[in-house]
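What follows is calculated from the coordinates using simple rules that are stated; it is not laboratory data. The model shown is predicted, which means the values in this text are computed figures rather than measured ones. Here Cβ is always computed from backbone atoms with ideal geometry, including for glycine, and neighbour counts include all displayed protein chains.
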Amino acid sequence: MRFTMACPHCGSRGIARALEKVSDVEYLIDFQCDEVTCSHAYRTRVQMEPPELPIPKRPRRATSEFDFDR
Ligand SMILES: [Zn+2]
């Protein structure tokens, strides 16, 4: 699934281009407007709620990239 969010300038869809992990429960996601004449790029902050997992932590996996186009 492609992760999209409306562009705040023109209302067209913005497409997630990059994911940056801040912590286990916080990510920064960069979007770029799909409208060629706009192409506005914007960053969003995603925080998970609740912030703590109810189960014990498992060893962290070495994944730093997320494929939004899948
Ligand atoms: Zn736009």
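Brief remarks follow.
- Across region 2-12, coupling constants 3J(HN,Hα) worked out from phi with the 6.51/-1.76/1.60 Karplus curve, θ = phi - 60°, read 8, 8, 10, 8, 4, 5, x, 9, 10, x, 6 Hz, and Gly and Pro carry x.
- Spin-label pair residue 46/residue 28, simplified geometry with 7 Å Cα→Cβ offset, distance in nm: 1.6 nm
- For the pair residue 21 and residue 68 in one chain, pulling the backbone fully straight at 0.36 nm per residue adds 15.5 nm over the alpha carbon distance.
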